[in-house]
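Worksheet for the structure shown next.
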Amino acid sequence: MFAWGVAMNRRAAIAGGAVVAALGAGSLWLVQRDASPTVAEQWPVFGEYCVECHNVDDFTAEIAFERLSPESVAHEPEIFEAAVRKLRGVQMPPPGALQPDNETRRALIVALEDALDAAAATAQNPGQVVLHRLNRTEYANAITDLLALDVDVKALLPKDDESDGFDNVANVLKVSPSFLEQYIAAARVVSEMAIGNPRAKRDSRVFYAAAGINQNYHVAGMPLGTRGGMLVEHFFPADGDYEFDIGGLARARYVEGLEYRHRLILAIDGKKVFEDEIGGPDDVEAVDLRQAAAVAEINGRFEDIRVSLTAGPHTIAATFVARTMSESDAVLEPFVPGGGEVGIIEGEESPLKVQRLEINGPFAPSGVAETPSRRRVFSCRPVMPADAEPCAREILTRLTRQAFRRPVTDADLATPLKFFEAARASDGFEAGVQNALMIVLASPEFLYRFTTPPADSAPGAVYAVDQYGLASRLSFFLWSSVPDEELLGLAERGELTDPRVVSGQVERMLADPRAAALVDNFAQQWLDIRGVRDIVPDPVIFPEFNPDLSDAFAQELELFLASVLLEDHSVLELLDGQHTYLNERLALHYGVSGVRGDNFRRVELADANRFGLFGKGGILMATSYPNRTAPVLRGAWILEAITGTPPASPPPNVEAFPETQEGEQPRTVRERLEMHRSNPSCNGCHGVMDPLGFALENFDAIGAWRVKDREAGSGIDSSGELADGTVVNGPVDLRAALLADPTQFVQTLTEKLMIYALGRGVEHYDMPAVRRIVRDAARQDYRFSAILAGIASSEPFRFSTTPPADGDLTAQAAAGPLGER
């Protein structure tokens, strides 16, 4: 996209501090860092191309370059960082206005960035995050690492707000009185689950199958030789009998799914505990003759299934024994394309599904068996009454140290031990530990991260984050969880300021399974693909789509992102990676042969159009409307997520996109969009966005390749001219244009990682650090670990600024003597 790039071997794109740029149709120029143009030399460019709008009269964006000078760059970094971003995105001057040539534009960018970096070196400003609550994901992960316990955090805590594209940004993670009540209630629930409750009261939990899910195939984790059904993880509070109801099977009205006999089994932890048959001639006749009464009798076979279980987590599977599919049960012609009754949609072979699973109990609880969480908690047991307090102190010291992410003081243990004694006196040792654990989990020291400046630090002064704060920042950055013993040990020895130690820890932590958080939390939020499974395209226009396809899209993205990020490859493979992960359903959708079965496997792609993120169906569907493609959405997504140069918000009362009206000759999306952007005020943004989106027009709204517009019947035109003059025609050209200058994409990724790592937005004073990280990572071919280590060693990560005297007193009051937790 950027005119100063050059399509070359990316390993040689930046070497010896040189920046190579391609101009126009391919002419090259070279800027050596020791011979970079100066701001004074480039200042006339502002007068020639910018002052027409940014002057004292028009005062566009409240900037008047007439009142500024080359010396202003050091004093007004916010203005000039914004100018650099606009120049890099070729968004200023706007499309249609007089433009500098690519060499001039690039020289101005280099001059400004060098001046901004030099000014930042003499005026340190790492920013600050004073008070940072754990979000739901971090809370759940911390509980897992502390107590070996998986909790349904969505049922315990309210949904987190988002800022800057992420849900771990501190300024939106506030706590109201109602939030506080939920966190206290969550601490009670979690502590009871961890310890167990031998007097647990009877309760019920209902699980529902996803709407429209296809249950014809084997589900991963189910016993072999089965199809469909429901697989759930459930925590049982005590030893005892539990009842299971499998619902949503037989029904009256249209008697579907009962034509053939189906064998339904219930398995717990892989062991079959129940089976019975449903369907066949007798059941069909009964429903036909007696309707609701017969339905109740048939469904009653699968209710009140009583099983004795021990306390703790168990895996419950309700599934069908698979029959041969040599003969089909499918309705050959649906009544409504993509719609109709359950069982005659999506070409299903059998409409009989497990729709609901209810668990009731315990009945007559008989105690609490050893569970993973109890083994994690009870590192000792009192033999004599006098042993109770020392043993409780040992347990609480260990758990509190990890929960608070620092050494524990007597003051930290005073309140938990009081609650321990109160409950022990009436209900015994285990009840006392549970009561004390509840207090630890409800403590601000666990729920918040915060930095405490030195006592003599003046407002605005820069101070180093302490060792335990660095351990905490690093663990929540890479794992979305609390630091482990190795990190805490390094902090205790004061070794986390050594860049070599930090780099080694990044590589160790990236190889740990907990680093999957970088895919599940960071990457999916960065790319805005968390909701892929929830997208429902228009079933009339896309009758071939079903939930299996959206699930396949989501799994493909997760596996592809993990293969690049967690295997520590160059992050540029996110754009040009020649592999993906397919199962049979997705391979058929992509037109890839030789893939059979439901399991995903790595596939080397022959079609260059499918390389990297731009060829992934989940991305393409998420940037479309349910009924058509959206070049504007796709272009805006590229500007936001890939180039880091987001477009301005549309003006108020913007004209709606012209949809085809009844009776009109259908026109392609491109034709309608070109009419829409003929207005010069619209073209300012659309002139940048639309060519990017047009390059992906061969992919329809569900990511299938096409050569003809479905509605208009004419051929797809994916050609266009990017804002810098680069001509592209299709995804291959678009990818080459974006990779011509790889630093732009890597800088965007680094900025997004910085937001995620710091828990705050990236400000203008952070950009010199971002550019330095990118330059250093280039020496390692932009390996993911090099970027992570660069962030972890950067000033914004390792330092903070003392807030004003009237700053956030909540954090200062909650803070202990050892800084960030």
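The values are calculated or read from the model by the stated rules, or taken from the named source; none is laboratory data. Being a predicted model, the structure only gives us computed values, none of them experimental. Neighbour counts are summed over all protein chains in view; Cβ atoms, including those assigned to glycine, are modelled from backbone coordinates with ideal geometry. Just so you know, the surface numbers come from the protein's heavy atoms only, side chains and all, with ligands and any DNA or RNA stripped out. Shrake-Rupley method; radii C 1.70, N 1.55, O 1.52, S 1.80 Å.
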Query raised in the report: Out of all the residues in segment 721-735, which are outside any helix (DSSP H, G or I) and within 22 Å of residue 103 (Cα to Cα)?
Result: 721, 722, 723, 724, 725, 726, 727, 728
Query - Number of the condition not met by residue 456 [criteria: (1) without any contact (Cβ under 8 Å) to a residue 24 or more places away in the chain; (2) assigned to a helix (DSSP H, G or I)] - result: (2)
Query raised in the report: If a residue has to be buried (at least 23 other Cβ atoms within 10 Å of the Cβ) and in a loop (DSSP other than H, G, I, E, B) to count, how many in segment 474-495 make the cut?
Result: 3
Requested in this report: Sort out for me the helices (runs of 4 or more DSSP H) sitting completely within segment 27-144 that have 2 or more residues that are touching a Leu at 6+ places or on another chain (Cβ under 9 Å) and β-branched (Val, Ile, Thr).
Outcome: 77-88
Query - When residues of segment 602-645 are limited to those that are in a loop (DSSP other than H, G, I, E, B) and open to solvent by 50 Å² or more (accessible area, probe 1.4 Å), the one farthest from residue 699 (Cα to Cα) - result: 606
**Report entry** Qualifying positions in segment 430-441 - open to solvent by 30 Å² or more (accessible area, probe 1.4 Å) and touching a Pro at 6+ places or on another chain (Cβ under 7 Å)
**Finding:** 439
Report summary line: Conditions (1) in contact (Cβ under 8 Å) with a residue 60 or more places away in the chain; (2) out of contact with any Gly (no Cβ under 9 Å at 6 or more places or on another chain); (3) buried (at least 24 other Cβ atoms within 10 Å of the Cβ); (4) not aromatic (Phe, Trp, Tyr) -> residue 407 fails only (3)
Query raised in the report: So, in segment 147-169, of the ones that are in contact with a Ser or Thr (Cβ under 9 Å, 6 or more places away or on another chain) and assigned to a helix (DSSP H, G or I), which residue ends up nearest to residue 475 (Cα to Cα)?
Result: 147
Report summary line: The residue that is farthest from the chain's Cα centre (by Cα), considering only those in segment 265-287 that are of a type outside the set (Val, Ile, Thr), open to solvent by 10 Å² or more (accessible area, probe 1.4 Å) and within 27 Å of residue 152 (Cβ to Cβ), is 274
Query raised in the report: If only one of 798, 772 is within 20 Å of residue 509 (Cα to Cα) and surrounded by fewer than 22 Cβ atoms within 10 Å (Cβ to Cβ), which one is it?
Result: 798
Query raised in the report: So which residues in segment 121-150 are at pLDDT 95 or above, touching a helix residue (DSSP H, G or I) at 6+ places or on another chain (Cβ under 8 Å), surrounded by fewer than 20 Cβ atoms within 10 Å (Cβ to Cβ) and of a type outside the set (Asp, Glu)?
Result: 136, 137, 148
Query raised in the report: Any chance segment 359-377 includes a residue that's open to solvent by 60 Å² or more (accessible area, probe 1.4 Å), of a type outside the set (Phe, Trp, Tyr), farther than 16 Å from residue 190 by Cβ and assigned to a loop (DSSP other than H, G, I, E, B)?
Result: yes
Report task. Of all residues in segment 423-450, count the ones that are out of contact with any strand residue (DSSP E or B) (no Cβ under 6 Å at 6 or more places or on another chain) and either outside any helix (DSSP H, G or I) or within 21 Å of residue 200 (Cβ to Cβ) (or both). Result -> 17
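Residue-by-condition table, conditions (1) farther than 25 Å from residue 664 by Cβ; (2) open to solvent by 40 Å² or more (accessible area, probe 1.4 Å); (3) in contact (Cβ under 8 Å) with a residue 60 or more places away in the chain:
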{"site": "707", "(1), (2), (3)": "no, yes, no"}
{"site": "732", "(1), (2), (3)": "yes, yes, yes"}
{"site": "736", "(1), (2), (3)": "yes, yes, yes"}
{"site": "739", "(1), (2), (3)": "yes, no, yes"}
{"site": "752", "(1), (2), (3)": "yes, no, yes"}
{"site": "755", "(1), (2), (3)": "yes, no, yes"}
Report summary line: So, first residue within 22 Å of residue 101 (Cβ to Cβ) in segment 76-90, second residue open to solvent by 10 Å² or more (accessible area, probe 1.4 Å) and of a type in the set (Asp, Glu), Cβ within less than 6 Å, six or more apart or across chains; the pairs are 90/724
Report summary line: Pairs returned, first residue in segment 420-443 that is over 17 Å from residue 399 (Cα atoms), second residue that is of a type in the set (Asp, Glu), beta-carbon separation under 8 angstrom, 6 or more apart or interchain, are 421/389
Query raised in the report: Does residue 194 qualify as being more than 14 Å from residue 362 (Cβ to Cβ), assigned to a strand (DSSP E or B) and in contact (Cβ under 8 Å) with a residue 12 or more places away in the chain?
Result: no
Query raised in the report: Of all residues in segment 288-319 being on the phi > 0 side of the Ramachandran plot and outside any strand (DSSP E or B), which is most open to solvent (accessible area, probe 1.4 Å)?
Result: 304
Requested in this report: Those residues that are open to solvent by 30 Å² or more (accessible area, probe 1.4 Å) and among the aliphatic types (A, V, I, L, M), I need them from segment 212-251; list them, please.
Outcome: 213, 219, 220, 224, 231
Report summary line: Residue count, segment 485-514, condition closer than 19 Å to residue 147 by Cα, under 23 Å from the mean Cα position of the chain (by Cα) and of a type outside the set (Lys, Arg), comes to 2
Query - Residue under evaluation residue 388, criteria (1) surrounded by 14 or more Cβ atoms within 10 Å (Cβ to Cβ); (2) without any contact (Cβ under 8 Å) to a residue 40 or more places away in the chain, criterion not met - result: (2)
Query - Selection from segment 462-483 of residues that are closer than 19 Å to residue 794 by Cβ and aliphatic (A, V, I, L, M) - result: 462, 464, 465, 470, 471, 474, 478
Query raised in the report: If you take the residues in segment 496-509 that are out of contact with any Ser or Thr (no Cβ under 7 Å at 6 or more places or on another chain) and of a type outside the set (A, V, I, L, M, F, W, C), which one is surrounded by the most Cβ atoms within 10 Å (Cβ to Cβ)?
Result: 505
